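Structure, as structure tokens:
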Amino acid sequence: MATTDDTLDALSEMDRFVRLMAVASGTDGVVAVVRAYLAGWSKRRVRRLQATDAGWAPFDEYQQPFTISSVTDVRQIGGAVRIRCRELRASDIAIAPELLELDLFFFFAEESLAGYEPARSLASRVTPAHRSGLRLVDSSRPHAA
């Protein structure tokens, strides 16, 4: 199978993100990994991203990462990056490699968070019966005709 350099780069990035998340212990650990990852971005790299991202990246005007102190912060930033990437794809506008990297990184971060919050991840996939209009039936009892 032939691969391009871009494919190899993406695979190595995914491997790096998996290794980063593997050191996280619990949701607080994932938040700490996200903070450390963003802190590792050079000012030059952040400026390059900011030149193309229209403010959707998690860095301020001084090229410093936003304060990330909770799971909610991680999800909000990841959501904003994901939405921006979708908008750019839908508009057939090229997405900066740095923005794609952020999208991929936050995907792994959110997946890691879901692993530590199984009840939340299950709850987001199940629609409560009272909200969907369905009536639950106890299958252990005979049904009234």
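Values for this structure:
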item	result
Any helices (runs of 4 or more DSSP H) falling wholly within segment 35-145 and containing at least 1 residues that are modelled with pLDDT of 90 or more and open to solvent by less than 90 Å² (accessible area, probe 1.4 Å)	43-53, 71-90, 97-116
Hits in segment 20-34 (condition: outside any loop (DSSP other than H, G, I, E, B) and open to solvent by 70 Å² or more (accessible area, probe 1.4 Å))	ALA22, ASP28
Per-region count, segment 37-95, residues more than 20 Å from MET21 (Cα to Cα) and of a type in the set (Phe, Trp, Tyr)	3
Of the criteria (1) under 16 Å from GLU111 (Cα atoms); (2) modelled with pLDDT of 70 or more, which one ARG19 fails	(2)
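The values are calculated or read from the model by the stated rules, or taken from the named source; none is laboratory data. Fair warning: this is a prediction, and the values are worked out from it, not measured in the lab. Calculation scope for accessible area: heavy atoms of the full protein, side chains included, ligands and nucleic acids excluded. Shrake-Rupley method; radii C 1.70, N 1.55, O 1.52, S 1.80 Å.
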